[in-house]
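To start, the structure itself, in structure tokens.
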Amino acid sequence: DDVRVRLALSEAVDRQSLIDNVTKGEQEPAQWMSRPGLAGAPTMADHPDLGVKFDPTDAKAQLQSYLDEKKLTVDQVKLTLMFNTSAGHQKIAEAIQQMWKDNLGLDVQLSNQEFKVYLKTLQGADTPQVWRLGWCQDYPDANNFTREVWSTGGSANPNGAAKPGGVGWTNPTFEQLLVDAAKETDPTKRVDLYAQAEEILVK
């Protein structure tokens, strides 16, 4: 429930290393949620500094700030990364687990469940601290990856902050940006609105 810990975990993941050494599918490292190339989605060319990049130095600083404030040591931080059962997902989870150990000194536990059980877990009070979830687009627009997944009532955020389940998060500015972007008819302005929303979402 602390932005510094979330940012530290994200900055400590070397996405290019995951591609080169684990998935080996020539993917592109993701710095935000909506895939460049979708209508309305930011691109690296237009928004090179948007989102989260691999930055182990800042990741350590973010985590240390949290630890100092809470008067904790790194060994007192207990985190679990959950994924749905799959050999591929397990390899990725194990690589991330090792990155968090190497870059932050965290000993993170891994847990997995069969997909149907997993989906129920993510929608209820036992949602894990960190979890994987994929998304296959319904239509090629940034709205499908931001508003329909992450806003209150979205597939990964069914209850907003009202009760446990999914990400359990609500941000009025984020929500309004998505509404404004959905209504905007100027393509350039739409991209800017989604970029603003993405910056809130991933940080």
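The values are calculated or read from the model by the stated rules, or taken from the named source; none is laboratory data. Keep in mind the model is a prediction, meaning the values are calculated, not measured. Cβ sites come from the backbone with ideal geometry, for glycine too, and all protein chains shown count toward neighbours. We work out accessible area using only protein heavy atoms, side chains counted, and drop any ligands, DNA or RNA first. Shrake-Rupley method; radii C 1.70, N 1.55, O 1.52, S 1.80 Å.
Listed values, structure above:
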read-out	value
Normalised contact order of segment 81-203, rounded percent, pairs of Cα under 8 Å and 6 or more residues apart	18 percent
Among 127-136, 153-162, the order from most to least packed when residues are scored by Cβ within 10 Å on average	153-162, 127-136
Carbon and sulfur %, accessible surface of the chain computed with the full protein complex present, 1.4 Å	51 percent
The chain, accessible area per residue, ligands and nucleic acids excluded (1.4 Å, Å²)	56 Å²
Loop-located chymotrypsin sites (Phe, Trp or Tyr not before Pro) in segment 138-203 whose Cβ has at most 10 other Cβ within 10 Å (DSSP)	none
Candidates per trypsin sites (Lys or Arg not before Pro) in segment 1-100, loop by DSSP, up to 10 other Cβ within 10 Å	Lys24, Lys71, Lys78
Modelled label reach - Ser17, point 7 Å along Cα→Cβ, segment 47-65 residues with backbone N closer than 14 Å	54-60
Axial C-alpha extent at least 18 Å, average Kyte-Doolittle at least -0.5 - helices from the chain (DSSP)	187-202
Residue-averaged 222 nm ellipticity for the chain, from DSSP H runs of 4+ at -39500 (n - 2.57), nearest 500	-13000 deg cm²/dmol
Exposure ranking of Glu26, Glu69, Glu199 by accessible area [1.4 Å probe, largest first]	Glu26, Glu69, Glu199
Net length gained if the chain between Trp135 and Leu110 were fully extended (0.36 nm per residue, minus Cα distance)	6.9 nm
Gain upon complete extension [Met44, Asp102; 0.36 nm per residue less C-alpha separation]	18.1 nm
Unit charges on C-beta of K, R, D, E only; dipole of segment 83-203, Debye	300 debye
